[in-house]
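Visitor: I have a structure I would like to understand better, so I am pasting it below and will then ask my questions one at a time.
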Amino acid sequence: MLTKKRVLVGVTGGIAAYKAAELVSSLRESGATVNVVLTEAAREFVQPLTFKALSGNQVYTGLFGGLDPVPHISAAKESDLVVVYPATANFIGHAANGLAPDLLTTLVLAFKGPVVICPSMNARMFANVAVQHNLARLQDYGYVIVPPESGRLACGEVGQGRLPAPGAVLEVIRGALVPKDLKGLNFLVTAGPTREPLDPVRYISNRSSGKMGYALARAARDRGAQVVLISGPTSLAKPAGVSYSGVKTALEMREAVLENFDAADVVIMCAAVSDYRAKTPSPKKVKKEVREMVLEFVQNPDILEELGRLKRHQLLIGFAAEDDNILEHARRKLEAKNLDMVVANLIAQEGAGFEADTNIVKILFRNGRFLELPRMDKYEVAQRLMDMVLDMRRI
Ligand code: C5P
């Protein structure tokens, strides 16, 4: 995922410094080469040895005294991204004012690539107007700020100041490293299942988790696109930086999709829309005294098919989850719904489809070309699909 990427992790002296060990470990697991800078205060909380072991590299601790006479320049040249995790008010103040009293601040000044800053401190410190001003200034300069979370802080108080977990920051890092080659494009992505009510407490639905659709929304966002995500009910966190619309039924999804269709350049219908809904849902909870019952269903509108008829400039991409004859079904869908691309996968395959974190997909294009991707993380699949979208836009 981050193979061949060189990430420099700067750790400053906050209590949350211990979390940096896990970030370094996750970065390495993702394939990145990791170097670590510990400030003097950070070394009061964590030891260089931990970071040396986890990164597999020497740890930088100061401007002077090492073998390299200009460690700040070498480290800045050799990195693709710098992340400061955690970033203290002191570091933020120096960076915002172009001050460079130690290795990390000097290196950040000398670095040309993306810098991700993760503030973490007492909630009153974080809310302090000077700190907020400094952060606003850094944001203005193009630094990526990951805001702290609210919760119980090390000092016992409750408020905004907690360092986000390494996983969340890893996602920001991945996003900051991808090219912004979809800038200027509007994406409309649907995700998740729909729920069709039977009575006020029951519904029919399907096993879609929304993971693939959310990954698509995040991948498009990371590449600079404006994204509208229309999602059925899922347990996933709303992706940041995406315009989100939550719906329940297929009819609600249709309405939201049609509302956003005109403005879209690329439409990806990843949602598992329920094909049927109850003809007349009971307005009251059905009692269990009924021994047998027959439910009557009517067909839901096929949203994608409707878009295929309405489409003008849009690229239209559909998904197809199939039991068998995957390519044949996908080809039929592509034609019937007037699509530009179909992404198909087998339902009952290990490491693919509903609920899984990975997917194995076959992709079919309008011109008859088809290709298959090996099993990979859904976000990686999404990134590969973005490459294809870009290629199709160029034709
Ligand atoms: O025909 P089938 O339902 O298998 O096609 C799947 C594709 O059509 C998916 O892209 C899905 O989002 C979309 N779809 C839709 N409206 C429906 C059913 C499916 O837009 N009612």
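The values are calculated or read from the model by the stated rules, or taken from the named source; none is laboratory data. A quick note: this is a predicted structure, and the numbers were derived from the prediction, not measured. Quick reminder, even Gly has a Cβ in these numbers, built from the backbone with ideal geometry, and neighbours come from all protein chains shown. Side chains are part of the model used for accessible areas, which takes the heavy atoms of the whole protein and leaves out ligands, DNA and RNA. Shrake-Rupley method; radii C 1.70, N 1.55, O 1.52, S 1.80 Å.
Visitor: Let me check against my output: what whole-number percent is the relative contact order of the range 143-263, with C-alpha pairs under 8 Å and at least 6 apart?
Guide: This gives 22 percent for the range 143-263.
Visitor: Another question, then. Might you report the magnitude of the Cβ-based charge dipole of the chain about its Cα centre, with Lys and Arg at +1 and Asp and Glu at -1, to the nearest 20 debye?
Guide: 320 debye
Visitor: Taking R0 as 25 Å, what FRET efficiency do you get between F64 and L109 from their Cβ-Cβ distance, rounded to the nearest 0.05?
Guide: Once rounded, the FRET efficiency stands at 0.90.
Visitor: Something else: Could you grab the relative contact order for the chain? Cα pairs under 8 Å, six or more apart, rounded to a whole percent.
Guide: So the answer I get is 11 percent.
Visitor: Given +1 on the Cβ of Lys and Arg, -1 on the Cβ of Asp and Glu, and no further charges, what dipole in debye does the range 138-192 carry about its Cα centre, rounded to the nearest 20? Can you show the working numbers first?
Guide: Numbers: 5 positive and 5 negative charges, 20 e Å.
For the range 138-192, the charge dipole is close to 100 debye.
Visitor: Which of L216, V273, V227 sits closest to the plus end of the dipole of the range 186-394, meaning its Cα is farthest towards the positive end, when Lys and Arg get +1 and Asp and Glu get -1 on the C-beta?
Guide: The residue sitting most towards the positive pole is V227.
Visitor: Still on this structure, I have one more. Would you mind calculating the gained length between N128 and R366 on full extension (0.36 nm times residue separation, minus the Cα-Cα distance), in nm to one decimal?
Guide: 80.1 nm
Visitor: How many nm is it between the label spots at D323 and I73, if each spot is 7 Å from the Cα in line with the beta carbon?
Guide: Simple spin-label model gives 6.8 nm for this pair.
Visitor: Also, quick follow-up: Which trypsin sites (Lys or Arg not before Pro) in the range 286-375 sit in a loop by DSSP (not H, G, I, E or B) and have at most 11 other Cβ atoms within 10 Å of their own Cβ?
Guide: In loop regions of the range 286-375 (DSSP not H, G, I, E or B), the sparsely surrounded trypsin sites (Lys or Arg not before Pro) are K287, K288, R291, R312, R369.
Visitor: Calculate the tail of P(r) for the chain: the fraction of all Cα-Cα distances greater than 38 Å, expressed in %.
Guide: I get 33 percent for the Cα pairs in the chain exceeding 38 Å.
Visitor: Note the count of lysine pairs whose C-alpha atoms are less than 24 angstrom apart in the range 283-395, limited to pairs 8 or more residues apart or on different chains. Display every interim value, and only then the final one.
Guide: Working: K311/K333; K311/K337; K311/K362; K333/K362; K333/K378; K337/K362; K362/K378.
For the range 283-395, qualifying lysine pairs total 7.
Visitor: Right, another one. Please list, or write none, the lysines whose alpha carbon is within less than 19 Å of the alpha carbon of K19, excluding same-chain residues fewer than 8 places away.
Guide: Cα-Cα hits under 19 Å: K52.
Visitor: How large is the charge dipole for the range 259-309, taken about the Cα centre, if only the Cβ atoms of Lys, Arg (+1) and Asp, Glu (-1) carry charge, to the nearest 20 debye?
Guide: The calculation lands at about 680 debye.
Visitor: Separate question: Report the extension gain between R202 and E296 in nm, rounded to one decimal, defined as 0.36 nm multiplied by the number of residues separating them, less their alpha carbon distance.
Guide: Roughly 32.4 nm would be gained on extension.
Visitor: Using the alpha carbons of the range 186-394, what is the convex hull volume per residue in cubic angstrom, as a whole number?
Guide: That works out to 132 Å³ per residue.
Visitor: Still on this structure, I have one more. Give me the distance between the Cα centres of the range 324-395 and the range 196-217, rounded to whole Å.
Guide: 21 Å
Visitor: Also, I was wondering about something else. Give the separation of the Cα centroids, the range 1-16 to the range 29-54, in Å.
Guide: Their Cα centres are 8 Å away from one another.
Visitor: List the GluC sites (Glu not before Pro) within the range 21-81 that fall in a DSSP loop (any state other than H, G, I, E or B) and whose Cβ has at most 16 other Cβ atoms within 10 Å.
Guide: E40, E78
Visitor: Amide H neighbours of F319 under 5 Å, at least 5 residues apart or on other chains, H built in the peptide plane: list them.
Guide: M269, V343
Visitor: Another one. In the range 31-127, which trypsin sites (Lys or Arg not before Pro) are in a loop and have at most 13 other Cβ atoms within 10 Å, using DSSP for the loop call?
Guide: Counting only loop positions with at most 13 other Cβ atoms within 10 Å, the trypsin sites (Lys or Arg not before Pro) in the range 31-127 are K112.
Visitor: With viscosity set to 1.002 mPa s at 20 °C, what whole-number translational diffusion coefficient in µm²/s follows for the range 120-260 from Stokes-Einstein and a Kirkwood radius over Cα pairs?
Guide: Values: Rh = 17.6 Å.
Rounded to a whole number, D works out at 122 µm²/s.
Visitor: I'd like the orientation of helix 19-29 relative to the chain: the angle between its Cα long axis and the longest Cα principal axis, in ° from 0 to 90, rounded to 10.
Guide: The two axes meet at around 60 degrees.
Visitor: Accessible area per residue of the chain at 1.4 Å probe, in Å²?
Guide: Working: 19730 Å² over 395 residues.
Spelled out: the 1.4 Å probe surface of the chain, per residue, equals 50 Å².
Visitor: When the accessible area of the chain is computed with all protein chains present and a 1.4 Å probe, what percentage of it is carbon and sulfur?
Guide: The nonpolar share, carbon plus sulfur, comes to 51 percent.
Visitor: Right, something else. Apply the Karplus curve 6.51 cos²θ - 1.76 cosθ + 1.60, θ = phi - 60°, to the phi angles in the range 49-60 and return the couplings in whole Hz, x for Gly and Pro.
Guide: Each residue's phi maps through the Karplus curve to give 4, 4, 6, 5, 5, 6, 8, x, 10, 4, 9, 7 Hz.
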